[in-house]
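Chemist: Just passing along the structure, written as structure tokens.
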Amino acid sequence: MEQKNNTEKIKFAVVGCGHIGKRHAEMICRNEEAELMALCDIKPKEELGIEQFHVPFFNNIDDLLASELNIDVVNVCTPNGMHVEHSIKALDALKHVVCEKPMGLTKASVEKVIYKSLQVSRQLFLVMQNRYSPPSLWIKEVIDKKYLGDIFHVQLNCYWNRDESYYKKGGWKGTKDLDGGTLFTQFSHFIDIMFWLFGDITDIQGIFADNNHKHLTDFEDSGIVSFRFLNGGFGCINYSTSVWNTNLESSITIIGSKGSIKIGGQYMNEVEYCHIENYTLPKLDPANPANDYGTYKGSAANHHYVIENVVDTLKGKTTITTNALEGLKIVEIIERIYAVRDKKFKK
């Protein structure tokens, strides 16, 4: 794989021009070492709100990749169920890939993407921007340096609002094949943080419900999942998109032999409690606000860090923040949780 020199701009194309795709395009344009070369979406350009981006537009990825544009990286921001297909097409065209979460909806399909990237010697970047938040960087250091001692218990709470304005008729959100489920679309960022900190899980059990989305989605909107960590201790994930009116919280509580921590707020962006033996909480940088999509809000607005990481990695300055194997593990963990859900729902 040819490494870019420091004077060259990294050239990007964004496939999928919804809220996330436009955010990618905006962050590329703001980066002095990056250049936006093209946009692509199946919808007509006039319906997408992309007038501020003065670049060639394509209605399908095949035409984009067949063009003579000098593109280094393709950012896949299409519906979840299309990530694998579009990533493989970009890799086949010898482009690096930035794939929005999740990398796919099954472990088997994501393995095909990873195999293709190795076959063509191209990089695969997964978007898990919550890793860049100051509380996330801080808790990673606390766990890695074992300030909390042995980990006894981890509780992840994700309580958000998603209503009829989010699950529009005729759209992909809420569908089994293109959305995949609440853990894939809403809460995979937080499962990623948990895996990043504590590793893989086993002995998964759970209860699930579709409280007030029965006419909107093909899957559950709420669940309580318990498990053990392979590295020791046990944990649970409590999640729901049934919260009335607005998001309530995304939090993680950690109980260890030498202390306890809770990171909370609506988007796991505030240290709410820190009590550790012989340790003083340092002053953390303020977290970025949530991505604001008008009728709803998402995770922290950290996509500029993702683009910086892509540029710096391709120029040989650093390594990938979230690599393909980590992306694979997140999909596998969610797939195993959903295997428990599907078994219960069939009874």
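The values are calculated or read from the model by the stated rules, or taken from the named source; none is laboratory data. Fair warning: this is a prediction, and the values are worked out from it, not measured in the lab. All Cβ positions, glycine included, derive from the backbone under ideal geometry; neighbour counts span all protein chains shown. With ligands, DNA and RNA removed, areas are computed over all heavy atoms of the protein, side chains included. Shrake-Rupley method; radii C 1.70, N 1.55, O 1.52, S 1.80 Å.
Chemist: At a 1.4 Å probe radius, which order do 167, 147 fall into by accessible area, largest first? Don't skip to the end; give the middle numbers.
Modeler: Numbers: 167 10, 147 80 Å².
Heavy-atom accessible area, descending, gives 147, 167.
Chemist: Let a ≥ b ≥ c be the square roots of the eigenvalues of the Cα gyration tensor of the range 1-134; is it rounded (a/c under 1.5), or, if not, prolate (a/b larger than b/c) or oblate? It would help to have the intermediate numbers written out before the result.
Modeler: Working: a/c = 1.29, a/b = 1.16, b/c = 1.11.
Since a/c stays below 1.5, the shape of the range 1-134 is classed as rounded.
Chemist: Under the Karplus relation 6.51 cos²θ - 1.76 cosθ + 1.60, θ = phi - 60°, what is the ordered set of whole-Hz ³J(HN,Hα) values for the range 257-271, x standing for Gly and Pro?
Modeler: Taking θ as phi minus 60°, the curve returns 5, 10, x, 9, 9, 10, 10, x, x, 5, 9, 6, 10, 9, 7 Hz for the range 257-271.
Chemist: How would you rank 13-24, 65-76, 49-60, highest first, on the average number of other Cβ atoms within 10 Å across their residues? Could you put the intermediate results ahead of the total?
Modeler: Details: 13-24: 23.1, 65-76: 19.2, 49-60: 14.0.
Descending packing order for the listed peptides: 13-24, 65-76, 49-60.
Chemist: Taking K and R as +1 and D and E as -1, what net charge do the other residues with C-beta under 10 Å from the C-beta of residue 227 add up to? Numbers along the way, then the final one.
Modeler: Details: positive: 228, 336; negative: 200, 203.
My count for the surroundings of residue 227 gives 0.
Chemist: In addition: Is there a pair in 283/329; 43/89; 101/140; 11/168; 146/343; 45/89 whose C-alpha atoms are over 28 Å apart, and which pairs would that be? Mind showing how you got there, number by number?
Modeler: Details: 283/329 32 Å; 43/89 19 Å; 101/140 21 Å; 11/168 33 Å; 146/343 37 Å; 45/89 22 Å.
Beyond 28 Å between Cα atoms: 283/329; 11/168; 146/343.
Chemist: Would you mind telling me the antiparallel percentage of the DSSP bridges in the chain, rounded to 5?
Modeler: Values: 36 of 62 bridges.
Restricted to the chain, the bridges split so that about 60 percent are antiparallel.
Chemist: Sticking with this one: Which order do 42, 255, 10 take when ranked by solvent-accessible area (1.4 Å probe, heavy atoms of all protein chains), largest first?
Modeler: On the way: 42 145, 255 60, 10 0 Å².
The most accessible residue leads, giving 42, 255, 10.
Chemist: Now, a different point. Counting only helical runs of four or more DSSP H residues, what would the 222 nm mean residue ellipticity of the chain come to if each run contributes -39,500 (n - 2.57) and the total is spread over all its residues? Display every interim value, and only then the final one.
Modeler: Working: 9 runs with 103 residues, N = 347.
It lands at -9000 deg cm²/dmol.
Chemist: A follow-up question, please. For the range 223-285, state which GluC sites (Glu not before Pro) are in a DSSP loop and have at most 14 other beta carbons lying within 10 Å of their beta carbon. Don't jump to the answer; show the numbers that get you there.
Modeler: Numbers: sites: 249, 270, 272, 277; in loops: 277.
Loop-located and lightly packed - 277.
Chemist: Something else: Pull up all non-local amide H partners of residue 98: gap of 5 or more, or a different chain, and H-to-H distance under 5 Å with H placed in the peptide plane.
Modeler: HN-HN under 5 Å from residue 98: 74, 75, 76, 125.
Chemist: What are the ³J(HN,Hα) couplings of the range 133-146, residue after residue, when phi is run through the Karplus curve with 6.51, -1.76, 1.60 and θ = phi - 60°? Round to Hz, x for glycine and proline.
Modeler: Along the range 133-146, the couplings run 5, x, x, 5, 5, 5, 5, 4, 5, 4, 6, 4, 8, 6 Hz.
Chemist: Rank-order 103-112, 199-208, 149-158 by packing density, defined as the average count of other C-beta atoms within 10 Å over each peptide's residues, highest first.
Modeler: Details: 103-112: 20.1, 199-208: 14.9, 149-158: 17.8.
Put in order of decreasing packing, that is 103-112, 149-158, 199-208.
Chemist: Report, by chain and number, residues whose modeled amide H sits under 5 Å from the one on residue 206, excluding near sequence neighbours (fewer than 5 apart, same chain).
Modeler: So residue 206 has HN proximity to 226.
Chemist: With a 1.4 Å probe and all protein chains kept in place, how much accessible area does residue 29 have, in Å² rounded to the nearest 10?
Modeler: 80
Chemist: Rounded to the nearest 20 debye, what is the charge dipole size of the chain about its Cα centre when +1 sits on each Lys and Arg Cβ and -1 on each Asp and Glu Cβ?
Modeler: On the way: 39 positive and 44 negative charges, 147 e Å.
So the dipole magnitude of the chain works out to roughly 700 debye.
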